[in-house]
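Here is the structure we will look at, set down as structure tokens.
Just so it is clear, none of the values below were taken in a lab; they were calculated from the coordinates. These numbers come from a predicted model, not from an experiment. Here the Cβ positions follow ideal geometry from the backbone for every residue, glycine too, while neighbour counts run over all protein chains shown.
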Amino acid sequence: MNKYSSKAVKTAATIGMSLAMVLSNAAPLFAADPVNTVCKTEDTNVAKDLLNAIKADIKAANLKLSTISVDKEITWTNTAVLLGSTAPNEKKATLEALLGITPENGEGTVVEYMTTLANCEETTDAIYLAGDKDDDDRLTILEKVAAIESAIEYLEDQFADDADLDGADLTEREYNTVKPYYDDLTAYYADYKNNMSEADKAGNKEIYDELFSRMETAVEDYEDSYIGDFVDSYVDALKGAEVIEDVTVAMLVDKDAEFARTNLSDLEDFIKDLKADKVDELKDEVKYSKVADEEDVAKYVDRLEEMVEEIKEVNAMLKTSNTVIKDYKKIATKVGELATEAAKYDEDDTDAYDKKFNALRSADIEKLKTYVEEVVENFYTVETVKRTNGNYSLRLKDADYARYLENETDVVSAALKTLLTTNIEKDSDESVYDALVGQTTDIDTLLKAVTTDIEGITLGTTLTDKQAAKIVAAKKAYDKLMDTDGEFYSALTSKEKKAVEANETLITTLYYKLILNGTVTQSGWVDKGNGDWDYIAEDGSRPSKWVASGANWYYVKNGTMLRNSWIASDAQGTRWYYVDDNGVMVSNTTVNGYTFNSYGVWVK
């Protein structure tokens, strides 16, 4: 008779799966010389797959691990896939028969794989160590059935019916932590499992239970003590994982590597696989759920998820249906023509340049400005470099979202780049674009001043103060528009020239009449002393607006220049600017910890 009594098997049921499987002649989990990691083996991976497949099939049969009879025949659809050619006929078999099958290319039966898996659980490793690993005896059929039932009971206790196996791997460090308890346990339990009196067995069992409890506590303490090691190992593996070919997580998060927006689906799939423990580089690490809340892990995962949202924002921004994109395309030809003239600018003959510059009317400039501020500035800013000779050079510098573009021209055409990075006057950092959007007087405003604004005024009109201001503004506009050597004349269409000339007599006559009457007053900047200035518009009003003077920008509120002040772009505070003690808008610098880009916009 086999020296292991049925009571021993019964006892196995009370202490878990491992001893039951040892009695079923399972292969030893620990070799004579322990390896670095106890349970990170190909066998345990196969065993986990088998267990989850068995659970899925039992659930599909509307049964549970805890209630299925070992002689119950069901269809093993999922398990048969893993068994391969050794799967039962028509995939049908009893649980007992299934556990006795050796998978195709396997090195043991299903029950032996289950044993290996059970021995990977912290609370059962010591039980296996306590066994006699050299014993070759076989169990009787009844004892084997009892062992199988014990295994099922253990599995039901350890894993919910709908859950996947999630046991922590036992590392060498953990093994060493509880090894002293293992040694004590082995010595005492060796006595218990031999032919001793029932009284002695009971006494030793009490000792065993105490030692087992100590061992269990030590293992439970391990994870708290060494979770940092798990995290460090996981983070190292995560950093080296490839999101796409030759692009790792570390490259994306730590080095802001380029990542074309066309790879969005790859990034989303990687994050999904990461959380499902399906990333190859992480297959030997702890499950994601165990370290998901650790700061070092969350840092990388959160940033990858942020990248997903950023790419989606970029895609929305660059959709051809975007109104800003559509509006810019309407003026692209004019931008290209101006860029051509800017590239070959000749200060001795500026007619061609002036014509194309002023061909961009106020509505066009607004479209251009909106495109640059709402699209381009998300990808590039303009960096200014002052040379030793005092001249300036301008160049594009990557902003946050540039990494998501396949080509710079996806956002900045060669023509627009020319406008943004070409300074006509080399000793100034003002680009052609800056000059466009910074015009205090544009051709449309001048045309309006000499036509629409003075409608209803005749040579016989007794001018009110408001009408007088309009005539003053019209005269100044007329002089600028009709100066054949000026910048605006060449940009006028023949129809526009005729409209201006039609009002020449009215404007000049009434203007000179105002001079004779002493009505015309000082306009422009008025020095109030102590660094304070007022600004009077050409119509005599005191405006609230940005005013360009030379290469600098100033902001006046009700005609008074602001100093050391913040200025919002609109009522919602979409963008913020700052003027220093001289009233000059700051750019490309940091003031009191606040950083401003080349356009003067506060960025951080």
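With θ taken as phi - 60° and the Karplus curve 6.51 cos²θ - 1.76 cosθ + 1.60 applied, the whole-hertz 3J(HN,Hα) list for the stretch 270-278 is 4, 4, 4, 5, 4, 6, 9, 6, 10 Hz, x standing for glycine and proline.
Here the extension length gained between S362 and D293 equals 19.5 nm, from 0.36 nm per residue of separation less the Cα-Cα distance.
Is the shape of the stretch 318-438 rounded, prolate or oblate, going by the alpha carbon gyration tensor and its root eigenvalues a ≥ b ≥ c, with a/c under 1.5 for rounded and a/b larger than b/c for prolate? It comes out oblate by the Cα gyration axes.
When L238, L264 are sorted by how many other C-beta atoms sit within 10 angstrom of their C-beta, beginning with the fewest, the order is L264, L238. A simple packing score, the average count of other Cβ atoms within 10 Å per residue, orders the peptides 375-383, 563-571 as 375-383, 563-571, with the highest score first. In this simple spin-label model, placing a label point 7 Å from the Cα along the Cα-to-Cβ direction at both E107 and E347 gives a separation of 8.3 nm.
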